[in-house]
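Novice: Below you'll find the structure I mean.
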Amino acid sequence: MQAVRPLAGAPCESRIVKDLESVLGGPVPAWRALASSGVVVTATRGQGLPGANKPMLWWICEGTIAAHFDVGDRTHIAGYAQVGDIFMASFPKEIMDMLGIASRYPMFDSSIANTRKRGVALERSVVAGVALQVVVDLAQRYPQWQRLIMIWALRMATFHMHREYQYLTMDAEKRYLAFLEEFPRIAKIISQRQAANFLGLTPVGLNRVVSRLRREGRLDSPGA
């Protein structure tokens with residue numbers, strides 16, 4: 001069972017404020033109003049974050065969250081959020097609608113682009129969350145919150161561009177080695193099947209890559 005408590009006064013609150021102030025280079029306006037509506041959730045391995053059907057913004061205070069999304073009857077892993085990262089349980093068109101921005105880009109209406117990601121704890125994790133609408137309302141009143149939303153959006157766009165580059169220019173072996181370099185701690189706590197999912201490979205295909213790397217001495221054997 002998940003432990004849920006108010007964000008206001010929680011041990012991780014001051015850390016979040018400090019991080020936001022560092023990004024902004026100054027104080028965070030109306031933080032108390034946001035914190036009064038936020039929650040801190042302690043989730044164990046395999047537990048999903050609450051409010052999966054609502055647009056939420058989560059700060060990762062401890063642990064690691066995997067971003068899952070479903071297409072048809074398959075679940076895919078879109079990415080990982082670690083300590084200091086944010087996880088946004090929403091999708092672009094929903095955010096634009098909340099901001100009152102009209103979009104005439106057809107891609108925003110595709111079924112995949114309108115698929116909400118849901119967070120699942122990879123290990124014991126502590127996350128602080130608030131309804132995304134609260135953040136959007138603040139952004140309409142304070143330029144500092146507008147700036148934060150822009151920074152978060154650019155970070156996510158950069159991550160997905162990076163993933164796109166890897167898919168288009170790297171073979172399976174290079175993608176796996178890049179994964180080990182970029183997410184060394186995560187690689188140790190997930191299964192090979194989960195890694196294959198994230199890399200867009202079949203479990204059999206990734207197993208062949210891992211076996212070849214071990215035969216060639218470029219990857220340690222289990223327990224080595």
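The values are calculated or read from the model by the stated rules, or taken from the named source; none is laboratory data. Just so it is clear, the model here is predicted, and its values are computed rather than measured. Cβ: placed from backbone, ideal geometry, glycine included. Neighbour counts: every protein chain shown.
Novice: With the structure loaded, tell me whether Val28 is of a type in the set (A, V, I, L, M), assigned to a loop (DSSP other than H, G, I, E, B) and modelled with pLDDT of 95 or more or whether it fails that test.
Specialist: For Val28, the condition - of a type in the set (A, V, I, L, M), assigned to a loop (DSSP other than H, G, I, E, B) and modelled with pLDDT of 95 or more - is met.
Novice: Identify the residue in segment 112-130 that is part of a strand (DSSP E or B) and small (Gly, Ala, Ser) and, among all such residues, is farthest from Ser90 (Cα to Cα).
Specialist: Residue satisfying both the conditions and the ranking: Ser125.
Novice: Filter segment 1-54 down to the residues that are over 23 Å from Ile151 (Cβ atoms) and hydroxyl-bearing (Ser, Thr, Tyr), then identify the one that is surrounded by the most Cβ atoms within 10 Å (Cβ to Cβ).
Specialist: Among those residues, the one meeting the criterion is Thr42.
Novice: Could you tell me which numbered condition Gly9 fails, if it satisfies all but one of (1) in a helix (DSSP H, G or I); (2) without any contact (Cβ under 8 Å) to a residue 60 or more places away in the chain?
Specialist: (1)
Novice: Pick out the one residue from Asp85, Asp19, Asp73 that is in contact (Cβ under 8 Å) with a residue 40 or more places away in the chain and of a type in the set (Asp, Glu).
Specialist: Residue meeting the stated conditions: Asp19.
Novice: If you don't mind, there's one more thing I want to ask. For segment 145-172, which positions are among the hydrophobic types (A, V, I, L, M, F, W, C) and either on the phi > 0 side of the Ramachandran plot or touching a strand residue (DSSP E or B) at 6+ places or on another chain (Cβ under 8 Å) (or both)?
Specialist: The answer is Trp152, Met156, Phe159.
Novice: Within segment 53-89, which residues are farther than 20 Å from Ala43 by Cα and assigned to a loop (DSSP other than H, G, I, E, B)?
Specialist: Residues satisfying the conditions are Gly72, Asp73.
Novice: Being in a loop (DSSP other than H, G, I, E, B), under 23 Å from the mean Cα position of the chain (by Cα) and not hydrophobic (A, V, I, L, M, F, W, C) is the filter here, so list the residues in segment 173-218 that pass it.
Specialist: Passing the criteria: Ser191, Gly200, Thr202.
Novice: Something else about it: What number of residues within segment 108-123 satisfy the criterion of being touching a residue at least 60 places away in the same chain (Cβ under 8 Å) and among the hydrophobic types (A, V, I, L, M, F, W, C)?
Specialist: Number of matching residues: 3.
Novice: Then there's this: Can you name every residue in segment 48-73 that is touching a helix residue (DSSP H, G or I) at 6+ places or on another chain (Cβ under 9 Å) and of a type outside the set (A, V, I, L, M, F, W, C)?
Specialist: Correct list: Lys54, Pro55, Thr64.
Novice: Scan segment 88-107 residue by residue and report those that are free of Cβ contacts under 8 Å to residues at least 60 places away in the same chain and in contact with a strand residue (DSSP E or B) (Cβ under 7 Å, 6 or more places away or on another chain).
Specialist: Ala89
Novice: Going through segment 194-224 one residue at a time, which ones are closer than 27 Å to Phe69 by Cβ, without any contact (Cβ under 8 Å) to a residue 24 or more places away in the chain and either among the small types (Gly, Ala, Ser) or surrounded by fewer than 12 Cβ atoms within 10 Å (Cβ to Cβ) (or both)?
Specialist: Of everything in segment 194-224, those that are closer than 27 Å to Phe69 by Cβ, without any contact (Cβ under 8 Å) to a residue 24 or more places away in the chain and either among the small types (Gly, Ala, Ser) or surrounded by fewer than 12 Cβ atoms within 10 Å (Cβ to Cβ) (or both) turn out to be Ala195, Ala196, Val204.
Novice: Could I ask something else about it? Under the condition of being of a type in the set (S, T, N, Q) and at pLDDT below 85, which residue from segment 97-120 is nearest to the chain's Cα centre (by Cα)?
Specialist: If we take residues in segment 97-120 being of a type in the set (S, T, N, Q) and at pLDDT below 85, then Asn114 is nearest to the chain's Cα centre (by Cα).
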